[in-house]
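In what follows, a single structure is set out as structure tokens and then discussed.
The values are calculated or read from the model by the stated rules, or taken from the named source; none is laboratory data. Computed from a predicted structure; not experimentally measured. Neighbour counts are summed over all protein chains in view; Cβ atoms, including those assigned to glycine, are modelled from backbone coordinates with ideal geometry.
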Amino acid sequence: MAKSKQQSAAQRREKQRQQRQQRQQRLEGVQTTSQPVKRPSGPRMRRRGWDQRYMVGIVLLLLAVVIVAYIFLSRLSSQAGAPAPTPVSSQVLHAVTHVDPNILAAVGTDSVQSPVKLVSGSGSLPPLTGPTSKPEFLYVGAEYCPYCAAERWSMVVALSRFGTFSQLYQTTSSASDVYPSTPTFSFYSKLYKGPFYTSQYIDFVAVEELGNVPDSSGNYPTLQTPTTQQQQLLSTLDPTGNIPFVDIGNKFAGAGLGQGFSPQDLANMQVSDIANNLSKPSSTVTQHILGTANYLTAAICNVTQQQPASVCSTSAIQKIEQTLNKSALNANGTQIALAVSLEAALRREML
């Protein structure tokens with residue numbers, strides 16, 4: 001019996017020991033499996049929530065930037081309307097600078113008004129000469145101006161009879177003025193990276209004062225500013241500041257509405273369309289552009305001593321010269337001022 005009791009006591013102690021070991025193992029197992037989860041659980045969940053809010057904020061910010069940019073560009077586009085000047089194609093350049101002399105002669109002056117008149121008392125004004133001391137053809141205008149847009153076509157045709165345009169940039173008048181988006185060229189000097197017209201007979205000087213795209217305040221940006229000498233000349237012959245202004249050697253001048261033909265003639269046409277029409281003498285557009293160009297040609301011949309003879313001695317040009325010498329413009333700008341009032345009336349009617 002004593003032995004049985006001893007074994008029983010030993011068994012109980014062994015069983016207790018095994019139970020303690022099992023409890024210890026279970027406790028260690030819980031600690032081991034819970035440690036990787038318990039330690040980072042709080043910080044990781046907090047960081048994950050912060051990351052989500054951060055990403056949402058970035059997305060909302062980017063969305064706001066896109067919306068603001070879209071609104072700004074939409075407003076800018078609606079204000080602008082006019083395309084940026086681009087070089088004309090070689091076909092257009094050739095068409096406007098190599099008009100058939102026979103077509104020019106056949107057109108004559110058509111029914112257009114002369115863009116220039118003899119400056120009365122021009123003997124009191126010194127001859128206007130350009131950078132190379134040749135008689136100067138001075139043009140002052142602006143890209144937004146539809147009357148300037150129409151006049152440039154005739155100027156290019158006329159000046160090409162005395163020299164060479166190496167390049168031309170095409171653009172349009174303002175999209176928000178009368179005769180909107182009239183197709184034309186720009187004479188803005190910074191476009192050309194140097195001289196773009198050369199002649200052994202005449203110096204061509206162009207001043208494009210303003211652009212054709214209004215800024216956020218509705219004003220057109222300044223491109224070029226007349227020199228002091230040019231400003232003095234404008235004050236004498238164009239005191240009201242009307243454009244386009246043309247002065248040929250201080251002997252013939254003109255400004256504004258009374259020049260040549262209406263920009264309406266060029267409505268709904270592209271530069272290439274107009275250029276292609278210059279070979280068609282029956283076209284109204286051709287008749288008006290070339291008729292005005294013939295007037296300018298005759299005025300230039302008068303200050304170049306009828307050179308070149310191949311241009312100036314033709315019967316058509318000689319006949320036009322006679323008519324130019326009979327129509328005078330007062331040096332104080334009286335007739336130009338009248339043209340300004342007429343133009344203002346037309347603008348009010350169009351608007």
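Within segment 239-251, restricting attention to residues that are crowded, with 24+ Cβ neighbours inside 10 Å and touching a Leu at 6+ places or on another chain (Cβ under 6 Å), the residue that is nearest to GLU136 (Cα to Cα) is GLY249. Checked against the criterion of being at pLDDT below 95 and in the same structural domain as SER279 (by TED's automatic domain parsing), the candidates PRO226, PRO183, PRO239, PRO221 yield just one match: PRO239.
Listed here are the helices (runs of 4 or more DSSP H) enclosed by segment 246-315 that have at least 2 residues being within 27 Å of the chain's Cα centre (by Cα) and at pLDDT 95 or above: 271-277, 284-303. Number of residues in segment 138-197 that are basic (Lys, Arg) and more than 30 Å from ALA309 (Cβ to Cβ) equals 2.
Condition check ((1) touching a Pro at 6+ places or on another chain (Cβ under 7 Å); (2) more than 14 Å from PHE162 (Cα to Cα)) across all residues:
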site: LEU266; (1), (2): yes, yes
site: ASP273; (1), (2): no, yes
site: THR284; (1), (2): no, yes
site: LEU290; (1), (2): no, yes
site: ALA293; (1), (2): no, no
site: CYS301; (1), (2): no, no
site: SER310; (1), (2): no, no
site: SER313; (1), (2): no, no
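Could you tell me whether SER199 is at pLDDT below 95 and in the same structural domain as PRO308 (by TED's automatic domain parsing)? No; evaluated as a whole, the condition is false for this residue. Residues in segment 316-329 that are assigned to a loop (DSSP other than H, G, I, E, B) and more than 22 Å from ALA150 (Cβ to Cβ): ASN325, LYS326.
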